[in-house]
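Single-structure report; data block below.
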Number of protein chains: 2
Amino acid sequence: MYTIKSRIWIEGEEGVFLGEGRIKILKTIIDEGSLSKAAKTLGMSYKKAWNLVNSINKNAASPIVITNTGGSGGGGTFITEYGLEMIHSFEKINKNCWDFLDKQLKEYQL
Amino acid sequence: MYTIKSRIWIEGEEGVFLGEGRIKILKTIIDEGSLSKAAKTLGMSYKKAWNLVNSINKNAASPIVITNTGGSGGGGTFITEYGLEMIHSFEKINKNCWDFLDKQLKEYQL
């Protein structure tokens, strides 16, 4: 009895844009409302989290993560509308890929 | 402009059965006719190659790699008919997965 597994990622002009780990950090930023809290929740250094977010934004067609520093409402890290759409699309495609591969496993009678 | 990439692997009862690296070692065994030559070609220790082959056979529904020690024709490592079919199926599914993901990228207008 075999099972088939997959890992997908999306690349932009300069390298990896989104993968499972990056989706996880974006979703944690949504939950926590700040990059430093998200990093702490994921047991990751702030520097590493910042580098990942920087790489996400650099490889995106439009900004994904926006950081407000200070202001009357205080600082905070936010995911753009475009970012939310990208998270949703990534997760849908990932799920569709799993379903496709399960069907392939049957089709090839493995 | 985004591209989407994937890595797939097949698991058996006890863990990974086939992935891209394992397919590569099986195909090199076919080319070289021996496990030690295949290991050398791939710049891998004999022990590591042997462990991979052992794990492939252990997780397969039927034997994939057979080693003949000595005999009038000398020793040698061979891939079974079932193994050849599995290599073919894996490569087809992998290619189909890439095509599927390219279509998904268009469908989601990324």
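Please name all residue pairs, on different chains or six or more residues apart, with Cβ atoms under 8 Å, provided the first residue is in region B:3-15 and is at the interface with another protein chain (Cβ under 7 Å from one of its Cβ atoms) and closer than 23 Å to A:G15 by Cα and the second residue is modelled with pLDDT under 95 and part of a loop (DSSP other than H, G, I, E, B).
Qualifying pairs under 8 Å: B:I4/B:L110.
Given B:L84, B:L52, B:L26, which one is out of contact with any Ser or Thr (no Cβ under 6 Å at 6 or more places or on another chain), within 14 Å of another protein chain (Cβ to nearest Cβ) and of a type outside the set (V, I, T)?
Exactly one of B:L84, B:L52, B:L26 is out of contact with any Ser or Thr (no Cβ under 6 Å at 6 or more places or on another chain), within 14 Å of another protein chain (Cβ to nearest Cβ) and of a type outside the set (V, I, T), namely B:L84.
For B:T69, are the conditions met, namely being surrounded by fewer than 16 Cβ atoms within 10 Å (Cβ to Cβ), more than 14 Å from chain A (Cβ to nearest Cβ) and among the β-branched types (V, I, T)?
Criteria met by B:T69.
Select from region B:87-98 the residues that are facing chain A (nearest Cβ under 10 Å) and either free of Cβ contacts under 8 Å to residues at least 60 places away in the same chain or in contact with a Gly (Cβ under 6 Å, 6 or more places away or on another chain) (or both) and list them in ascending order.
B:H88, B:S89, B:K92, B:N96, listed by residue number.
Could you tell me whether region A:41-57 includes any residue that is without any contact (Cβ under 8 Å) to a residue 24 or more places away in the chain and touching a Phe, Trp or Tyr at 6+ places or on another chain (Cβ under 6 Å)?
no
How do the pairs read when you match residues in region B:58-83 that are of a type in the set (G, A, S) with residues anywhere that are part of a strand (DSSP E or B) and at pLDDT below 85, using Cβ under 6 Å and keeping only pairs 6 or more apart or on different chains?
Filtered contacts from region B:58-83: B:G75/B:N68; B:G76/B:N68.
Going through region A:25-47 one residue at a time, which ones are of a type in the set (D, E, K, R) and loosely packed, with under 13 Cβ neighbours inside 10 Å?
A:D31, A:K47
The values are calculated or read from the model by the stated rules, or taken from the named source; none is laboratory data. Every value quoted in this text rests on a predicted model; they were computed, and no experiment measured them. Cβ: placed from backbone, ideal geometry, glycine included. Neighbour counts: every protein chain shown.
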